[in-house]
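Colleague: What follows is a structure written as structure tokens; I'll ask about it next.
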């Protein structure tokens with residue numbers, strides 16, 4: 001059997017990573033940095049620096065983490081000589097026994113968002129770059145000592161016990177994002193809603209609950225929180241009229257919006273005409289562009305298109321390097337789009353005419369005053385041009401990129417699980 005040079009190269013990287021980990025991280029109970037391991041992980045990830053996150057995005061974690069998985073503090077090579085600290089927390093995890101280890105360690109908790117992370121999207125084009133390689137959102141919950149997931153589509157491709165569905169079995173990287181301040185009562189409510197939906201999946205999907213492939217048409221725009229009420233009615237077996245179609249991140253948004261609702265105690269509230277008062281959004285849906293850059297104040301808001309911009313701005317690079325990196329976000333690679341789902345590809349095609357203007361916004365907003373002021377007006381144009389406030393899969397990660405004490409910041413980045 002003939003082995004390609006590419007396969008040999010990948011095998012060499014994997015062997016190198018494994019060897020370096022065994023030497024540097026054996027028995028690690030906290031995220032640690034090792035230069036040799038960092039070099040090996042950089043080759044394995046092979047991603048642009050704007051797919052990583054600044055240290056300010058990170059959730060506080062205990063130093064002593066109960067896990068046998070290797071924990072790596074990865075610093076992106078393109079950020080090592082910059083003023084900003086940009087990288088990822090990496091959990092090198094075996095697939096066998098994964099859900100129990102994640103529950104035991106606390107690295108994944110009830111209410112956490114599981115973002116499917118595709119490093120191969122890096123450099124595939126403007127849209128996948130702006131999405132920061134994130135293709136899908138699931139919601140995690142802990143039950144019977146194991147991490148479970150609930151995702152829309154509510155089918156077996158995405159949902160199976162212990163993260164064993166086809167989607168998670170074939171996924172290499174998962175970002176874990178944690179909503180701030182969830183109480184034990186709220187987590188218990190999330191488990192109750194997820195359990196009910198899983199129990200009814202065969203009867204409600206796809207007739208009552210379907211999948212929406214158009215990520216640019218959120219329900220929040222037209223019905224505010226009415227779609228959350230309808231999801232609650234479906235979970236409670238109240239058989240509301242019509243079919244509710246939600247894309248993955250919208251489904252997660254709706255479930256988190258039910259965190260204050262105990263399905264046993266509030267079931268009658270879902271029968272009336274009004275939206276139950278216990279329903280509360282987990283974060284403000286994001287506008288197309290925000291004002292974190294250049295403001296960085298406590299009342300700033302990030303935008304859906306701002307992810308790479310905020311990361312690059314945090315590096316505090318000299319002008320020439322900064323502009324070159326910003327422009328690299330918009331280099332097109334049509335072949336790369338074929339790796340994306342139908343829904344993402346559709347949005348990419350619809351937004352294509354906007355990208356040249358968005359590049360001007362990126363470069364201008366980080367420049368001197370004479371450039372940043374017109375760029376602010378360009379950003380306002382995007383926000384009034386018909387792009388609805390939204391909660392795309394990337395929006396949860398973008399929320400963590402806002403200033404640490406920003407009043408709109410409701411999420412923290414926990415870690416990235418690297419599945420082996």
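Colleague: Report the extension gain between residue 46 and residue 268 in nm, rounded to one decimal, defined as 0.36 nm multiplied by the number of residues separating them, less their alpha carbon distance.
Modeller: 74.7 nm
Colleague: Suppose the chain between residue 335 and residue 349 were pulled fully straight at 0.36 nm per residue; how much longer would it get relative to their current alpha carbon spacing?
Modeller: 3.7 nm
Colleague: Right, something else. Please report the projected area of region 78-128's Cα convex hull averaged over all directions, in nm².
Modeller: The directionally averaged projection comes out at 5.8 nm².
Colleague: Working only with C-alpha atoms, what are the Rg and Dmax values of region 292-411, expressed in angstrom?
Modeller: In Å, with Rg to one decimal and Dmax whole: 14.6, 40.
Colleague: With both bridge residues required to lie in the chain, what share of the DSSP beta bridges run antiparallel, to the nearest 5%?
Modeller: Just about 75 percent of them are antiparallel.
Colleague: What is the chain by shape, rounded, prolate or oblate, if you read a ≥ b ≥ c off the alpha carbon gyration tensor as root eigenvalues and call it rounded for a/c under 1.5, prolate for a/b larger than b/c, and oblate otherwise?
Modeller: Numbers: a/c = 1.62, a/b = 1.16, b/c = 1.40.
Oblate is the answer for the chain, as a/c is 1.5 or above yet b/c matches or exceeds a/b.
Colleague: At a threshold of 8 angstrom on Cα-Cα distance, excluding pairs fewer than six apart, so keeping six or more, what relative contact order does the chain reach in percent? Don't skip to the answer; put the middle values down first.
Modeller: On the way: 797 pairs, mean separation 91.7, N = 420.
About 22 percent, as a whole number.
Colleague: Could I ask something else about it? Sum -39500 (n - 2.57) across every DSSP H segment of at least 4 residues in the chain, then divide by the residue count to get the 222 nm mean residue ellipticity, nearest 500.
Modeller: Rounded to the nearest 500, the figure is -11000 deg cm²/dmol.
Colleague: Only residues of region 332-359 count here: report those whose backbone N is under 14 Å from the spot 7 Å along Cα→Cβ of residue 371, or say none.
Modeller: The answer is 359, whose backbone nitrogens lie closer than 14 Å to the label point.
Colleague: Of 134, 190, 279, which is the most mobile in a GNM of the chain whose springs link Cα atoms less than 10 angstrom apart?
Modeller: Evaluated over the chain, the most mobile residue of the options is 279.
Colleague: Expressed as a rounded percentage, what relative contact order does region 292-411 have, with Cα pairs under 8 Å and six or more residues apart?
Modeller: Averaging sequence separation for qualifying contacts and normalising by length gives 40 percent for region 292-411.
Throughout, read-outs are computed from the coordinates displayed, never taken from laboratory work. A quick note: this is a predicted structure, and the numbers were derived from the prediction, not measured. Don't worry about glycine lacking a Cβ; one is built from the backbone with ideal geometry, like all the others, and counts go over all protein chains shown.
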